[in-house]
Amino acid sequence: WNYYERGRSFLEGGFYAEAEKDLRAALTGRNRDSLWPRTYGLHFIPEYFPNRELGIACFHQEQIEESAAALEKSLSQQHSARAAFYLGEARRKLIAARGGDTLAPAIEIRAPQRDLPVGAMHARVEGVVRDDTFVAAIRVGGRPVDIAVSAPEVAFAKEITIKPGQNEIPISATDLAGNTATSFVFIDADVDGPAVSFDAPVIVPGIIRGVAMD
């Protein structure tokens, strides 16, 4: 625990090599990132993330592959926004170092079904985005989709408000290299019920005649 605390202090002060050394020492005693771990007896600390902090220390020393590996390990044990952010940055540097990427993400729409009218003022848009260099951002109807961490495949589902008649909903996806693809979902919202009219009054007993229109 002392190595971890001192390593965090070194990291915050910009002494990255010293931080790396202490964090590696901390990992020899306990190698799993977690929230509220017990140190001794009934004593706990709010968080213990040596893999994450090691990944950040390596990132600042341009040890990008080691950084990405440590951050991925941290996220597999306990998710944190800090680890997700730095992993995205490390992956961007790896992509650039390997020659970059020019291919935009592929967007697959799974719902709603094409040409199937929706009888409401809202709809749920679902799909999957895939990219060989990690999906970084998705927007549905201009609204961002929460992505916990960049990944080669990200499923999404978003409730959107629509208006009566034809709706054109844009879906955009961006990868870590900055390439963006856009697709569209067309939703026909029909919120008006059928109209019924009668030709003439009926004398009972008699036959009701009229027309139903929609």
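The values are calculated or read from the model by the stated rules, or taken from the named source; none is laboratory data. Just so we're clear, the structure is a prediction, and the values are computed from it rather than from any experiment. No Cβ is skipped: glycine too gets one built from the backbone with ideal geometry, and neighbour counts run over all protein chains shown. Note: accessible area is taken over every heavy atom of the protein model, side chains too, but ligands, DNA and RNA are not part of it. Shrake-Rupley method; radii C 1.70, N 1.55, O 1.52, S 1.80 Å.
Below, the figures for the structure above:
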read-out	value
Residue among A177, A181 that alone is open to solvent by less than 100 Å² (accessible area, probe 1.4 Å), in a loop (DSSP other than H, G, I, E, B) and either among the aromatic types (F, W, Y) or under 30 Å from K93 (Cβ atoms) (or both)	A177
Selection count, the stretch 1-19, where residues are closer than 30 Å to G41 by Cβ, surrounded by 15 or more Cβ atoms within 10 Å (Cβ to Cβ) and within 31 Å of the chain's Cα centre (by Cα)	5
Test result for D190, touching a Pro at 6+ places or on another chain (Cβ under 9 Å), open to solvent by 80 Å² or more (accessible area, probe 1.4 Å) and among the acidic types (D, E)	no
Number of positions in the stretch 46-82 that are loosely packed, with under 14 Cβ neighbours inside 10 Å and aliphatic (A, V, I, L, M)	1
When residues of the stretch 140-174 are limited to those that are among the acidic types (D, E) and either more than 17 Å from M121 (Cβ to Cβ) or in a loop (DSSP other than H, G, I, E, B) (or both), the one farthest from the chain's Cα centre (by Cα)	E153
